[in-house]
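Down below is the structure, laid out as structure tokens.
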Amino acid sequence: MRIDVFTIFPELIDGYAGRSILGRAAEAGLLEVTARDLRAATTDVHRSVDDSPFGGGAGMVLMPEPVFAAVEAVDPPRPLILLDPAGHTFDQAAARDLADLDGFSLLCGRYEGVDERIRTELCDGGLSIGDVVLAGGELAALVVIEAVARLLPGVLGNEASVDEESFTSGLLEYPQYTRPADFRGHLVPEVLRSGDHGRVAAWRRAQSLRRTLERRPDLIERRGGLTEEERTLLEEHGEPSGD
Ligand code: JF5
């Protein structure tokens, strides 16, 4: 998969994309992230990419000329997506859709906004990573890239089994523990040390369900509520959740 990122901070994208899971995906030839400098095609001495808004007001706006020029100079993989608080909300379903493509490109807005013609005449769409305002789109772009990269075949080492995935998709994670079994008097639940894989699996599913019901009932709603089997499972694991 090819991902081009248009930004005034290409070194920021290169720095992150060269490490950890993204760096390994690149080394394995599964992903090619290319950071493209929005100043590359500027002609003025200041290499300007922003200007004050028509109609007045504070702040600076990303100009159409340098941005169109940077994009047109390389004819990047499409769709070209603007990271934008006004875009569609990015979620796991959007990540899966992007992971099905051969490539796409991201444009990082900065400053107080971008000239509207960049949105309407250059970009194919916009994505927001949530109701938060950032100084620029770079961190949002990296969120999108990492979420998509880990879905690409071969990128993750320990692929979860399809069976477990179908049980737990759309639920919060169950509590995990590692050694020691007794940490300052806080004990690991007995079932996890029992060696009974059936009991462990049932306990984990019950924990995932309870946690999701308590903290993210919207996610239970989205799955169409609880099945009769899930209700029974929760009743059989009636002890307090402890969180
Ligand atoms: C940006 C205009 C881009 O703040 C963001 C953002 C928030 N969620 N997703 C992206 O991007 C920077 C600010 C203003 C365009």
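The values are calculated or read from the model by the stated rules, or taken from the named source; none is laboratory data. No experiment lies behind these values; they were computed from the predicted model shown. So basically every Cβ, Gly included, is an ideal-geometry build from the backbone, and we count neighbours across all protein chains shown. Ligands, DNA and RNA are stripped out before the accessible areas are found, and what is left, the full protein with its side chains, is counted by its heavy atoms. Shrake-Rupley method; radii C 1.70, N 1.55, O 1.52, S 1.80 Å.
Under a Cβ-only charge scheme (Lys and Arg +1, Asp and Glu -1), can you give me the dipole magnitude of the chain about the Cα centre, in debye to the nearest 20? Don't skip to the end; give the middle numbers.
Working: 25 positive and 43 negative charges, 132 e Å.
The calculation lands at about 640 debye.
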The chain - share of DSSP beta bridges that are antiparallel (%, nearest 5): 20 percent
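Tell me the net charge near D131. Cut-off is 14 Å between Cβ atoms, D131 excluded, with +1 for each Lys or Arg and -1 for each Asp or Glu.
-2
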Largest to smallest accessible area among Y174, Y16 [probe 1.4 Å]: Y16, Y174
Alpha-carbon centroid distance for the pair the stretch 115-150 / the stretch 37-111, whole angstrom: 8 Å
Förster radius 41 Å - calculated FRET efficiency between S48 and R222, Cβ distance, rounded to 0.05: 0.35
Derived scalar couplings ³J(HN,Hα) [the stretch 196-205; Karplus, 6.51 cos²θ - 1.76 cosθ + 1.60; whole Hz; x for Gly, Pro]: 8, 5, x, 5, 4, 4, 5, 4, 5, 5
Candidates R19, R36, R150, ranked by Gaussian network fluctuation over the chain, Cα under 10 Å, top entry: R19
Sequence-separation-based contact order of the stretch 166-236, relative, with Cα cut under 8 Å and 6+ spacing, percent: 39 percent
Ranked order, V33, V144 - accessible area, probe 1.4 Å, largest first: V33, V144
Carbon + sulfur, % of accessible area of the stretch 166-236 - ligands and nucleic acids excluded, 1.4 Å: 49 percent
Kirkwood-based shape ratio for the stretch 166-236, expressed as Rg/Rh from alpha carbons: 1.02
Translational D in µm²/s for the stretch 92-243 (Stokes-Einstein at 20 °C, 1.002 mPa s, Kirkwood Rh from C-alpha pairs): 112 µm²/s
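Please work out the average accessible area per residue across the chain, using the 1.4 Å probe convention, and give it in Å². Can you show the working numbers first?
On the way: 14500 Å² over 243 residues.
For the chain, the per-residue accessible area is 60 Å².
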Angle in degrees between helix 138-149 and the longest Cα principal axis of the chain, rounded to the nearest 10: 50 degrees
Helix-only mean residue ellipticity at 222 nm for the chain, each DSSP H run of n ≥ 4 adding -39500 (n - 2.57), per residue, nearest 500: -10500 deg cm²/dmol
The chain: angle of helix 64-74 to the longest principal axis, Cα-based, in degrees nearest 10: 70 degrees
Debye intensity ratio I(q)/I(0), log10, the stretch 2-149, q values 0.12 Å⁻¹ (C-alpha model): -0.47
Local net charge near L171, Cβ-Cβ under 9 Å (Lys/Arg +1, Asp/Glu -1): +3
Shape category assigned to the stretch 4-56 from the gyration tensor of Cα positions, a/c cut at 1.5: prolate
Residue order for I8, I13 - accessible surface, 1.4 angstrom probe, largest first: I8, I13
Low-density loop positions, chymotrypsin sites (Phe, Trp or Tyr not before Pro), the stretch 138-218 - DSSP coil, at most 15 other Cβ in 10 Å: Y177
Residue-level accessible surface for T43, protein heavy atoms, 1.4 Å, Å²: 140 Å²
